[in-house]
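Derivation of every value follows stated rules applied to the coordinates shown; laboratory data play no part. Given the structure is predicted, the values throughout are model-derived calculations rather than measurements. Heads up, the Cβs are rebuilt from the backbone with ideal geometry, glycines too, and the neighbour counts pull from every protein chain shown.
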């Protein structure tokens, strides 16, 4: 097994008032994979502008820059406004179109996909036709495990796009609110909703995160659950990305699902206890979280 992960999609600046931090779900996943010593590459597109140059420098400094980072001479680099409510829950104002709406399929990207054992992708980057078509063509070019991070950002998705991506995925990760939105109706029981979703898309593995209530995974006709960990929340930005990266690292290590779930919930909880999406791991704190169940 090649054990290389390709993360595909948006990279951007998250603006918190006067402060800005590099972000984007697939880039955040890639950064967490780097911290977990996984061989990862990242594909995206930035504008040929000052913000884009700053992002390129950032990616270089964090080991994520390669010729898979395209430059766009027309569309700008994305800068997102992040607003936190009184519970530190984040909402995002995302401009459109921006450079990562225009990721092109080329030989370099195809070869990267063929060298990868896992491809991680989301729905946000597929809101415009060019990147949407590039991803679908890319998925057709590889036998890698395809992991779909649903990551809905209203109004930047359509049900048709979600269904197309879900049908291509071996693993689907979403949060509980996204599960309610995508499945809707029927039973209020989450397990029943997951079962209904699986029957529709025939997905091998479905993971639903539940905030401070942990997560539930359906894998090979069996449910696995973890109740989550109690931490003091700084903000929730990037917690789902940290969870997903840890899940991917666990798959690569061939860990059993209960261990993957434990580690993923612990890393996700640790990130919520820190400011920003990509805090440097403090292994002692993470180990302490693992020992303190809700």
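So for each of 33-45, 130-142 I average, over its residues, the number of other beta carbons within 10 Å; can you give me the resulting order with the highest mean first? Don't jump to the answer; show the numbers that get you there.
On the way: 33-45: 21.2, 130-142: 18.0.
Going from most to least packed, we get 33-45, 130-142.
Summarising the strand pairing of the stretch 1-143, around 35 percent of its internal DSSP beta bridges are antiparallel.
Taking a ≥ b ≥ c as the square roots of the Cα gyration tensor eigenvalues, with a/c under 1.5 meaning rounded and otherwise prolate when a/b beats b/c, else oblate, which class fits the stretch 5-290?
rounded
Mean separation of Cα pairs under 8 Å and 6 or more residues apart, divided by the residue count, gives the chain a relative contact order of 16 percent. From the alpha carbon centroid of the stretch 107-125 to that of the stretch 260-294 is 28 Å.
Computed packing ranks the peptides 9-16, 78-85, 211-218 as 9-16, 211-218, 78-85, most packed first, by mean other Cβ atoms within 10 Å.
With 0.36 nm allotted per residue and the present C-alpha distance subtracted, the residue 114-residue 204 stretch has 30.3 nm of extension available. Here the spin labels are modelled as points 7 Å beyond Cα on the Cα-Cβ line, and at residue 140 and residue 282 they lie 5.0 nm apart. Each peptide in 109-118, 227-236 gets a packing score, the mean of other Cβ atoms within 10 Å over its residues, and the list from highest to lowest is 109-118, 227-236. Look at where the Cα atoms of the stretch 177-253 and of the stretch 8-36 average out, and the two centres are 21 Å apart. Using a cut-off of under 18 Å, list every residue of the stretch 221-262 whose amide N is near the label point 7 Å from the Cα of residue 86 along the Cα-to-beta-carbon line. Flagged as within label range: 233-236. In the chain, helical runs assigned H by DSSP with n ≥ 4 each contribute -39500 (n - 2.57); averaged across all residues and rounded to the nearest 500, the mean residue ellipticity at 222 nm is -11500 deg cm²/dmol. Working from label points 7 Å from Cα in the Cα-to-Cβ sense, the residue 18 to residue 224 distance is 4.7 nm.
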